[in-house]
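The values are calculated or read from the model by the stated rules, or taken from the named source; none is laboratory data. Note that the structure is a prediction, hence the values are computed from the model and not measured. Because the Cβ atoms are built from the backbone with ideal geometry, glycine has one as well, and the counts that use them run over all protein chains shown.
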Amino acid sequence: MTRGPRPTKHIDILWAAIRLFARQGVAQTSTREIAAEAGTTERTLFKHFGSKDSLVRAVIDEAVLPHLVPGSLEALRQAVEAQGDDLALWHRALLAARMQAIGQAPELMRLLLVELLRDEQLRHRFAMQWRDAVWQPLTGLFSRLQHEGRVTRRSSPQSLARLFLSLNLGYLVGRFALAPDLAWDDESEIEAISRFFARGAAPE
């Protein structure tokens with residue numbers, strides 16, 4: 001989701017809600033504040049979204065999930081093939097791309113983390129989407145790499161996927177949500193993460 005020079009009122013309201021939700025929390029943010037932040041009225045807000053709950057769902061569905069969860073990981077397969085056997089090179093390119101995407105709107109990650117802890121229905125819905133878009137393609141990818149002898153067979157594809165996700169998600173959450181003000185050296189840290197995983201996943 002991008003913000004152009006003259007966004008529609010719908011987009012204005014969505015981004016105003018995102019900024020306020022990320023800064024002060026959903027429960028602590030009123031529709032009046034959101035409308036003021038968007039340069040409109042509560043009446044217009046309700047005309048577009050109906051209720052605050054509907055606005056929260058729209059923020060998650062229209063902004064957060066499309067931005068943070070790729071629709072397909074077909075690009076992973078293509079990237080691995082393009083880099084030959086260099087798993088670390090592929091890993092660096094992937095993590096750098098996700099960092100660039102999240103860095104454009106880090107408030108979306110913070111908002112998603114808060115809402116996943118607060119909303120059981122959202123957590124279930126997100127898990128289903130994430131399973132189809134990320135987990136299944138990733139475990140399938142490691143299974144194929146094992147079959148081709150390009151990663152270790154000491155661990156299952158599921159275990160490799162968990163380790164891979166833990167390293168990457170841990171870095172991204174720390175970088176953009178938990179401690180964004182630290183002096184992060186992204187290039188060298190991405191290099192270290194990719195090298196660490198490649199060594200651990202190297203074939204026997």
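Assorted remarks:
- Residue check for Val173: within 17 Å of Arg98 (Cβ to Cβ) and among the β-branched types (Val, Ile, Thr): yes
- Considered as a group, the residues in segment 6-33 that are without any contact (Cβ under 8 Å) to a residue 24 or more places away in the chain and in contact with a Gly (Cβ under 9 Å, 6 or more places away or on another chain) include one that is nearest to Leu108 (Cα to Cα), and that residue is Ala16.
- All conditions in (1) free of Cβ contacts under 8 Å to residues at least 60 places away in the same chain; (2) surrounded by fewer than 17 Cβ atoms within 10 Å (Cβ to Cβ); (3) more than 16 Å from Met99 (Cβ to Cβ) hold for Ala161, with the sole exception of (2).
- Test set (1) among the basic types (Lys, Arg); (2) more than 30 Å from Val59 (Cα to Cα); (3) in a helix (DSSP H, G or I) - Arg150 fails condition number: (3)
- Any hit, segment 140-151, residues being assigned by TED's automatic domain parsing to the domain that holds Arg98, without any contact (Cβ under 8 Å) to a residue 60 or more places away in the chain, surrounded by 19 or more Cβ atoms within 10 Å (Cβ to Cβ) and out of contact with any Pro (no Cβ under 7 Å at 6 or more places or on another chain): no
- Within segment 16-27, the set of residues being at negative phi and surrounded by fewer than 20 Cβ atoms within 10 Å (Cβ to Cβ) comprises Arg19, Arg23, Gln24, Val26, Ala27.
- Close Cβ contacts (under 9 Å, 6 or more residues apart or on different chains) running from residues in segment 178-201 that are more than 26 Å from Leu111 (Cα to Cα) to residues that are of a type in the set (Phe, Trp, Tyr) and surrounded by 14 or more Cβ atoms within 10 Å (Cβ to Cβ) comprise Ser194/Trp90; Phe197/Phe164; Ala201/Phe142; Ala201/Phe164.
- Evaluation of Arg98 against (1) surrounded by 13 or more Cβ atoms within 10 Å (Cβ to Cβ); (2) at pLDDT 85 or above (one fails), failing number: (2)
- Of all residues in segment 173-183, those being surrounded by 16 or more Cβ atoms within 10 Å (Cβ to Cβ) and either of a type in the set (Val, Ile, Thr) or out of contact with any Leu (no Cβ under 8 Å at 6 or more places or on another chain) (or both) number 2.
- Residue match in segment 68-85 (condition: part of a helix (DSSP H, G or I), modelled with pLDDT of 85 or more and surrounded by fewer than 16 Cβ atoms within 10 Å (Cβ to Cβ)): no
- Flag not set for Arg195, criterion: under 30 Å from Ser54 (Cβ atoms) and surrounded by 12 or more Cβ atoms within 10 Å (Cβ to Cβ).
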